[in-house]
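Have a look at the structure below before the remarks.
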Amino acid sequence: MSKKRYSAEEIVARLRQVDVLTSQGRSVADAIRTIGVSEVTYYRWRQEYGGLKGDQVKRLKELEAENQRLRRAVSDLTLEKLILKEAASGNF
């Protein structure tokens, strides 16, 4: 079975679909099988994207990307600072 990567919007839509199916009286396991993912995947998605809406998911992804970029910038600057400090002390 090939793996498929779902976008955040697709994940939120599938989580909503499971909610609708369970509200119609179907069991959670049947609803999960209907959307075509495993129970582990469903619960992982629900933990990460549980109460979010489409626009909130988009904003979350943007913030995560910005956070990654800022962490990389801080680590680069810290490394440069350590190199300059070592060069200034004359221990090279």
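The values are calculated or read from the model by the stated rules, or taken from the named source; none is laboratory data. Here the structure is a predicted model, which means the values were calculated and not measured. All Cβ positions, even for glycine, are placed from backbone atoms using ideal geometry, and neighbour counts span all protein chains on display. Just so you know, the surface numbers come from the protein's heavy atoms only, side chains and all, with ligands and any DNA or RNA stripped out. Shrake-Rupley method; radii C 1.70, N 1.55, O 1.52, S 1.80 Å.
In loop segments of region 8-84 as defined by DSSP, the trypsin sites (Lys or Arg not before Pro) with at most 13 further C-beta atoms inside 10 Å of their C-beta are 53. Rounded to the nearest 20, the size of the Cβ-charge dipole of the chain about its Cα centre is 200 debye, with Lys and Arg at +1 and Asp and Glu at -1. Taking amide H positions as modeled 1.01 Å from N, with prolines and chain starts lacking one, no residue 5 or more places away or on another chain lies under 5 Å from residue 6. Think of the chain as having a plus end and a minus end, set by charges on the Cβ of Lys, Arg, Asp and Glu; of 68, 49, 88, 49 sits farthest toward the positive end of this dipole. In percent, rounded to a whole number, the relative contact order of region 1-63 is 43, using alpha-carbon pairs under 8 Å and six or more apart. The length gained by stretching the chain between residue 75 and residue 29 to full extension, at 0.36 nm per residue less their Cα-Cα distance, is 12.1 nm. Taking a ≥ b ≥ c as the square roots of the eigenvalues of the alpha-carbon gyration tensor, region 1-55 is classed oblate because a/c is 1.5 or more while a/b is no larger than b/c. Applied to region 28-45, the Karplus parametrisation 6.51 cos²θ - 1.76 cosθ + 1.60 on θ = phi - 60° returns per-residue 3J(HN,Hα) values of 4, 4, 5, 5, 5, 4, 5, 7, x, 10, 7, 5, 4, 4, 4, 5, 5, 4 Hz, with x for Gly and Pro.
Summing +1 for each Lys or Arg and -1 for each Asp or Glu, what net charge is found among the other residues whose Cβ lies under 12 Å from the Cβ of residue 61? All intermediate terms of the calculation are to be shown ahead of the outcome.
Working: positive: 58, 59; negative: 9, 48, 55, 62, 64, 66.
Result for the neighbourhood of residue 61: -4.
Here is the tail figure for the chain: Cα pairs spaced more than 24 Å apart come to 46 percent of all pairs. 3J(HN,Hα) along region 79-87, derived from phi through the Karplus expression 6.51 cos²θ - 1.76 cosθ + 1.60 where θ = phi - 60°, amounts to 5, 4, 4, 5, 5, 5, 5, 5, 5 Hz, with x in place of Gly and Pro. For GluC sites (Glu not before Pro), no site in region 14-78 is both called loop by DSSP and has at most 12 other Cβ atoms within 10 Å.
Note on the chain: with a GNM built from Cα contacts shorter than 10 Å, the maximum mean-square fluctuation among 38, 27, 75 falls on 75. Of the residues 7, 89, the one with the largest accessible area comes first in the ranking 89, 7, computed with a 1.4 Å probe on protein heavy atoms.
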